[in-house]
Amino acid sequence: MCHFHMKSIITRKLTRNPKLQASIELKRIVSKLGHISACRFKYMLHAWHKRHEVFIDEKVDDDSKRGWHYKHKKLRSAYRSLMKFLPYLFTYKRYPHFNIPTTTNHLDGGCFSPLKDLLRVHRGISVKMKRKLIVYFLENRVK
C-alpha cells in the first residue's frame, strides 16, 4: 500500500480539519507515516486505540433490524483501513534490496498516463481489442 494513498483514505474519512480529539490524534499519527519505523507506527496506533476504545465503540439506537449503529462510523472505518493495510505499509522497508518506492507516483505519470492517452484515442474499440492493446503496450514499453 502506497503511503500517499493511505493518507488520502484517512483524509477522506476524517476530513482535512477533524473536530473530534480522537480523529485529530489519528490524523497526526498517520502524518508520521514514512518518517518513523514500522514498529513505532504500530505502537502509536495500538496506544491510540487503547486510549479511545470506548469512544470508538459508542453505539446509537435506531430503527434498523440490528437496533443500533456505531456513532463514529468514519473514525472506525479510518482505523480499520489502517489495520487492514498495516502489513503492507512498510513492505519497502522489509525488502530494501527490491528498491520499492513509498509511493506509486512514478506509475501515475510514467506508465499509466501514456496508456490512458492511448486508450482515449482508441475509445471506440471493443473490450477484447482494448485488452490486446493494453497487453501490447505493457509488453513493448520502454523501461
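Conditions (1) more than 25 Å from TYR92 (Cα to Cα); (2) in contact with a strand residue (DSSP E or B) (Cβ under 9 Å, 6 or more places away or on another chain); (3) at pLDDT 95 or above; (4) assigned by TED's automatic domain parsing to the domain that holds LEU75, marked per residue:
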{"position": "ILE24", "(1), (2), (3), (4)": "yes, no, yes, yes"}
{"position": "LYS27", "(1), (2), (3), (4)": "no, no, yes, yes"}
{"position": "GLY34", "(1), (2), (3), (4)": "no, no, no, yes"}
{"position": "ALA38", "(1), (2), (3), (4)": "no, no, no, yes"}
{"position": "TYR43", "(1), (2), (3), (4)": "no, no, yes, yes"}
{"position": "ALA47", "(1), (2), (3), (4)": "no, no, yes, yes"}
{"position": "ARG51", "(1), (2), (3), (4)": "yes, no, yes, yes"}
{"position": "ASP63", "(1), (2), (3), (4)": "yes, no, no, yes"}
inquiry  = Could you check the range 42-81 and list, in sequence order, the residues that are within 28 Å of MET1 (Cβ to Cβ) and among the polar types (S, T, N, Q)?
reply    = SER77, SER81
inquiry  = Within the range 123-138, does at least one residue satisfy the condition of being over 29 Å from LEU20 (Cα atoms), touching a Leu at 6+ places or on another chain (Cβ under 9 Å), of a type outside the set (Val, Ile, Thr) and modelled with pLDDT under 90?
reply    = yes
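The values are calculated or read from the model by the stated rules, or taken from the named source; none is laboratory data. These numbers come from a predicted model, not from an experiment. When we count neighbours, we look across all protein chains shown, and the Cβ atoms used for this are built from the backbone with ideal geometry, even at glycine.
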